1. Which numbered condition trips up residue 39, out of (1) assigned to a loop (DSSP other than H, G, I, E, B); (2) surrounded by 12 or more Cβ atoms within 10 Å (Cβ to Cβ)?
2. Among 27, 4, which is out of contact with any Cys (no Cβ under 6 Å at 6 or more places or on another chain) and at pLDDT below 95?
3. Of the conditions (1) closer than 15 Å to residue 65 by Cα; (2) of a type outside the set (Lys, Arg); (3) more than 15 Å from the chain's Cα centre (by Cα); (4) modelled with pLDDT under 95, residue 32 clears all except one; give me its number.
4. Could you tell me which numbered condition residue 10 fails, if it satisfies all but one of (1) in a loop (DSSP other than H, G, I, E, B); (2) of a type in the set (A, V, I, L, M, F, W, C); (3) in contact with a Ser or Thr (Cβ under 8 Å, 6 or more places away or on another chain)?
5. Looking only at region 1-24, count every residue that is closer than 21 Å to residue 90 by Cα and surrounded by 15 or more Cβ atoms within 10 Å (Cβ to Cβ) and tell me the total.
6. Looking at (1) more than 25 Å from residue 97 (Cβ to Cβ); (2) assigned to a helix (DSSP H, G or I), can you tell me which one residue 61 breaks?
7. Inside region 101-123, can you point out the residues that are exposed (fewer than 15 other Cβ atoms within 10 Å of the Cβ), at pLDDT 90 or above, on the phi < 0 side of the Ramachandran plot and assigned to a loop (DSSP other than H, G, I, E, B)?
8. Select, from 58, 54, the only residue that is buried (at least 17 other Cβ atoms within 10 Å of the Cβ) and more than 17 Å from residue 26 (Cβ to Cβ).
Amino acid sequence: MESEIVIKEATSQKDDFKVVQKGNMVESINKLNQVFHYIDLNYVKQGIMFHGWTGFRTTEQLKAVLDGHFMDIYKKYKCKGALVESTKMSGSFNEANDWLAGVFMPKLIGLGLTKVAVVLPHNIFAQMAVDEWDKKLADSLPGILAHKVTL
């Protein structure tokens, strides 16, 4: 059994979560002990930041993950591409779309990101949120190449 390194302990705050690393996987675990986000470090040597979302997450959790340990890992490896696996994502994240397009993505682009691909969620509400994010991204950052793929 591989060892688990705790990167961040959860606090008593409602939306807080624990972050652990098991081998090449970094997982965000909610209060129900469910993984809702992961980063697979196996692809960073190829210049790809591969990460995924599963189940539900709050807007606060999404922002905390992306602006927290995700950003720390991205700065360390400076990947040119990002692949977002969201087939198992549930629920919308429309509330975060302005922040994603106007704050988060410009940070990544400033660090060297040039391409983004998203494997679309099966959940219709999450699909609509991805579509809205894609529109906002195209309007605010026309130079970024984003692809959406369904499985």
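1. (1) is the only condition that residue 39 fails.
2. Step by step, each of 27, 4 is checked, and only 4 is out of contact with any Cys (no Cβ under 6 Å at 6 or more places or on another chain) and at pLDDT below 95.
3. Unmet condition: (1).
4. So residue 10 meets the others, but not (3).
5. Taking region 1-24 as the starting set, the residues that turn out to be closer than 21 Å to residue 90 by Cα are 14-19.
From what is left, the residues that are surrounded by 15 or more Cβ atoms within 10 Å (Cβ to Cβ) are 15-19.
The total comes to 5.
6. Only one criterion is unmet by residue 61, namely (1).
7. Matches in region 101-123: 111 only.
8. Details: 54 fails: more than 17 Å from residue 26 (Cβ to Cβ).
The match here is 58.
The values are calculated or read from the model by the stated rules, or taken from the named source; none is laboratory data. Just so you know, these numbers come straight off a predicted model, no measurement behind them. Ideal geometry is used to build each Cβ from the backbone, glycine not excepted, and the neighbour counts take in all protein chains shown.
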